[in-house]
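To start, the structure itself, in structure tokens.
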Amino acid sequence: AQRVTQPEKLLSVFKGAPVELKCNYSYSGSPELFWYVQYSRQRLQLLLRHISRESIKGFTADLNKGETSFHLKKPFAQEEDSAMYYCALQATGANNLFFGTGTRLTVIP
Amino acid sequence: EPEVTQTPSHQVTQMGQEVILRCVPISNHLYFYWYRQILGQKVEFLVSFYNNEISEKSEIFDDQFSVERPDGSNFTLKIRSTKLEDSAMYFCASNLDRASGYTFGSGTRLTVV
């Protein structure tokens with residue numbers, strides 16, 4: 001069975017500080033991993049996916065199969081990064097996503 | 001930018017009543033989904049729909065739930081006889097193919113009293 005764990009419910013960092021939101025997964029196959037973000041009063045939106053190896057809004061995430069992790073990182077946090085962040089896993093051949101419980105990031109000015 | 005539209009934004013219903021939640025996915029998308037989020041809990045998959053039929057469903061999606069695409073644009077979730085524990089935020093989503101990320105709607109908050 002698949003499982004996505006985001007160990008931190010809340011994370012606060014100062015503006016300009018590095019930020020890392022942790023995501024660990026449990027899945028026997030080769031997963032596809034995503035990060036979704038929900039800003040205040042907005043809808044859930046895709047931030048990035050591991051398959052495209054892109055950097056969006058300064059965020060990156062690397063899939064580490066050895067550690068079964070997909071941590072989200074940004075070197076210098078901005079106030080506008082304050083939001084709820086969800087890590088999600090898509091199993092091989094499936095369309096649905098398994099979400100973690102989310103981490104609320106607050107960037108302190 | 002195209003959006004997934006959900007109506008209503010908030011629905012209050014009495015226990016035992018039927019509710020229909022409506023969604024208009026992005027027009028060229030092929031896969032449609034319903035997810036729910038009970039307050040304080042994670043976003044949970046309910047059902048996916050492709051080619052006019054359910055392609056996957058979770059254990060949550062029991063006989064009380066059904067989905068329909070009655071015309072070329074709407075995608076509905078029906079709960080036949082609502083229970084208090086059905087109170088949640090219900091999200092509709094769509095994508096063009098399974099490798100694409102989802103586009104989510106803004107959600108319908110269902111409150112069962």
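The values are calculated or read from the model by the stated rules, or taken from the named source; none is laboratory data. Fair warning: this is a prediction, and the values are worked out from it, not measured in the lab. As a convention, Cβ positions derive from the backbone with ideal geometry for all residues, glycine included, and neighbour counts pool all protein chains shown.
Just a few scattered comments:
- Test: residue in segment A:47-65 that is closer than 26 Å to B:Glu59 by Cα and of a type in the set (Phe, Trp, Tyr): no
- The residue that is surrounded by the fewest Cβ atoms within 10 Å (Cβ to Cβ), among those in segment B:33-46 that are touching a residue at least 24 places away in the same chain (Cβ under 8 Å) and closer than 17 Å to B:Gly105 by Cβ, is B:Gln37.
- Selection status of A:Gly93, without any contact (Cβ under 8 Å) to a residue 12 or more places away in the chain and either part of a strand (DSSP E or B) or over 10 Å from the mean Cα position of the chain (by Cα) (or both): yes
- Filter result (assigned to a loop (DSSP other than H, G, I, E, B), surrounded by 13 or more Cβ atoms within 10 Å (Cβ to Cβ), under 14 Å from the mean Cα position of the chain (by Cα) and within 13 Å of another protein chain (Cβ to nearest Cβ)) within segment A:40-67: A:Leu44
- Restricting segment B:78-113 to residues that are under 28 Å from A:Ser30 (Cβ atoms) and of a type in the set (Ser, Thr, Tyr), the residue that is modelled with the lowest pLDDT: B:Ser100
- Residue list for segment B:58-113, restricted to those being β-branched (Val, Ile, Thr) and part of a helix (DSSP H, G or I): none
- A:Glu32 being acidic (Asp, Glu) and under 28 Å from B:Thr108 (Cα atoms): yes
- Answer from A:Val13, A:Val37 - the residue that is farther than 23 Å from B:Phe104 by Cα and modelled with pLDDT of 95 or more: A:Val13
- Answer from B:Gln6, B:Gln17 - the residue that is buried (at least 20 other Cβ atoms within 10 Å of the Cβ) and either within 14 Å of another protein chain (Cβ to nearest Cβ) or at pLDDT 95 or above (or both): B:Gln6
- Residue within segment B:62-71 that is of a type outside the set (Asp, Glu) and either within 11 Å of another protein chain (Cβ to nearest Cβ) or touching a residue at least 60 places away in the same chain (Cβ under 8 Å) (or both) present: no
- Condition check for A:Gly100: within 12 Å of chain B (Cβ to nearest Cβ) and surrounded by 13 or more Cβ atoms within 10 Å (Cβ to Cβ): yes
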